[in-house]
Amino acid sequence: MPKDVANIPIIVIAGPTASGKSGLALALAECLGGTVINADSMQIYKDIPVLAATPSPEDKKRVPHRLYEIYDASVRGNVVDWFALCREEIKLARNAERFPIVVGGTGFYLETLTKGVTPIPETPEDIRLEVEHLCQTKGLPELYNILQQTDPQTAARLSPNDTTRIRRAVEIWKHTGHPLSYWHSRPLNAGYRPDEFICIQIKPERSDLYTRIGIRFDSMLAEGAVNEVQKLVARGLSDSLPAMRALGVQELKSYLAGLCSLEEAADTAKMHTRQYAKRQMTWFNNRFKADFTFAGCYGGNNPPACSFVNELVDNLQKRA
């Protein structure tokens, strides 16, 4: 390791859901002496480890894992808080002479890390409660109408059904007096130099990925996904909460309400996951500049995966 620990590169692993990101991060962390840092907006919640495909307790014992299962499902996690926590974990890893390995499929999180964060002031609790009350009493269409009037640019790019982002945009306008589009036009607050990153993208064939998505959701059902959703439903949590929008939650909630069979709920969840994966692949292909690319799903001990890990380890050891 270098004497200046700030020279230890930050490894960033991106790719669609079910592509094997966590497995690759674990393999690199074991080979290099690394700390795996979560950049998945659902894996931050402790109530949905199965549906969020959070690394297992056994994997967490093999190498340090950070920012996994840190929030209750009632919390509204956001990129600003995540970025602050991630920077601290990167600093701690470097100070311990470990490679920080940031892994996840949430493009906004990874883009914030590698390019910087918009200088949006944090919204106070009273504003969030005001907007939540307005959403509950007047409905999401009323919030979207407010957004169309105050920030037509943001309204045009958001779905009228995107509760989380619509609420966030209205909160920012109410708090700052400026629309979200104004803040997005401001210069980014960059946390790191571009040359501090080694970016890795997993790019699977779509058919292979879709097969893995189906198999994984069946495994989630066997591992207790329905029970996870039962516990969330019993708490009466708002469907607008991020954790309640995790893939599989609403579909299994419909099953528990008797609106469909378990097979129908599973089929719908798999379809929605495939659609999400397609959007992720498009996003990463257009907006994520990778230094290394793994063509396929990362599967562990097969020859292509081992060769790729060896190449990365050799490159990173030389760089550090």
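With a ≥ b ≥ c taken as the square roots of the eigenvalues of the C-alpha gyration tensor of region 75-144, please select rounded if a/c is under 1.5 and otherwise prolate if a/b is larger than b/c or oblate if it is not? Note, shape of region 75-144 comes out prolate. Across every pair of non-identical alpha carbons in region 211-277, the mean reciprocal distance, once inverted, gives a Kirkwood radius of 12.0 Å. Under the convention that each Lys and Arg Cβ holds +1 and each Asp and Glu Cβ holds -1, the size of the dipole of the chain around its Cα centre is about 600 debye.
Computed over region 1-154, the P(r) tail beyond 19 angstrom holds 61 percent of alpha carbon pairs. Hydrodynamic analysis of region 167-320 uses the Kirkwood radius over alpha carbon pairs. Inserted into Stokes-Einstein at 20 °C and 1.002 mPa s, it gives a translational diffusion coefficient of 110 µm²/s. Under a model in which nothing but the beta-carbon of Lys, Arg (+1) and Asp, Glu (-1) is charged, region 125-184 shows a dipole of about 180 debye around its Cα centre.
Within region 125-184, the proportion of Cα pairs with more than 14 Å between them is 46 percent. Annotation: lysines with alpha-carbon distance below 17 angstrom to Lys289 (same-chain offsets under eight excluded): Lys21, Lys115, Lys203.
Taking only the C-alpha atoms of the chain, the Rg (one decimal) and the largest Cα-Cα distance, Dmax (whole number), read 20.1, 61 Å.
Its Kirkwood hydrodynamic radius, worked out from the mean inverse distance over all distinct Cα pairs, puts region 149-226 at 17.0 Å. Residues Asp267, Asp40, ranked from the fewest to the most other C-beta atoms within 10 Å, line up as Asp267, Asp40.
The Cα atoms of region 90-130 define a convex hull whose projected area, averaged across directions, is 4.6 nm².
We did not get these values from a lab; they are worked out from the coordinates using the rules stated. Keep in mind it's a predicted model, so treat the numbers as computed, not measured. So basically every Cβ, Gly included, is an ideal-geometry build from the backbone, and we count neighbours across all protein chains shown.
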